[in-house]
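Report on the following structure.
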Amino acid sequence: MTAQRKATWRDLPAICVCYAAIVALSAVGLAIASRLDMATATPNNLQMISGQVELVSHRTGGKAVPKLEILVRSSDGLHHLTQDDFTKDVLALKSLRVGDQITAMARPDMRGRDLDTLWELRRDGAMLLSGCARPS
């Protein structure tokens with residue numbers, strides 16, 4: 001049988017260091033995990049979507065990051081494209097209007113939602129947004 005002693009005030013610094021290490025590792029892990037979302041997009045797992053823009057929306061989501069949302073009607077149905085709102089950095093995105101014919105490369109959502117992550121956007125052959133030339 002082992003005798004357990006109670007924690008005392010002298011143990012407080014060690015306990016604080018342990019909790020600080022857990023919080024620090026969690027913060028680093030979450031930061032890395034948030035960057036992995038778009039890092040997995042490659043030309044092999046992107047789909048091409050061509051169609052007419054039905055809605056362009058700029059909104060602030062739950063993460064307080066402005067989002068650009070575009071509804072596109074294509075031959076195979078309605079696609080809901082989303083991306084961080086870069087209209088301040090990429091001025092050509094401000095000119096996107098309802099009725100425009102676009103071609104987009106998007107990564108389908110792997111969680112079963114009807115939400116595709118926009119990777120590249122072209123209107124009339126002109127590049128508006130590119131995954132390689134995205135502002136950092």
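Values as computed for the structure displayed
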{"item": "Qualifying residue in the stretch 115-125 (condition: of a type in the set (A, V, I, L, M), in contact with a Gly (Cβ under 9 Å, 6 or more places away or on another chain), more than 14 Å from residue 66 (Cα to Cα) and modelled with pLDDT of 85 or more)", "result": "no"}
{"item": "Residue ID - farthest from residue 49 (Cα to Cα), chosen from residues in the stretch 88-125 that are of a type in the set (Val, Ile, Thr) and surrounded by 16 or more Cβ atoms within 10 Å (Cβ to Cβ)", "result": "90"}
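The values are calculated or read from the model by the stated rules, or taken from the named source; none is laboratory data. For clarity, every value in this text was computed on a predicted model and none was experimentally measured. Because the Cβ atoms are built from the backbone with ideal geometry, glycine has one as well, and the counts that use them run over all protein chains shown.
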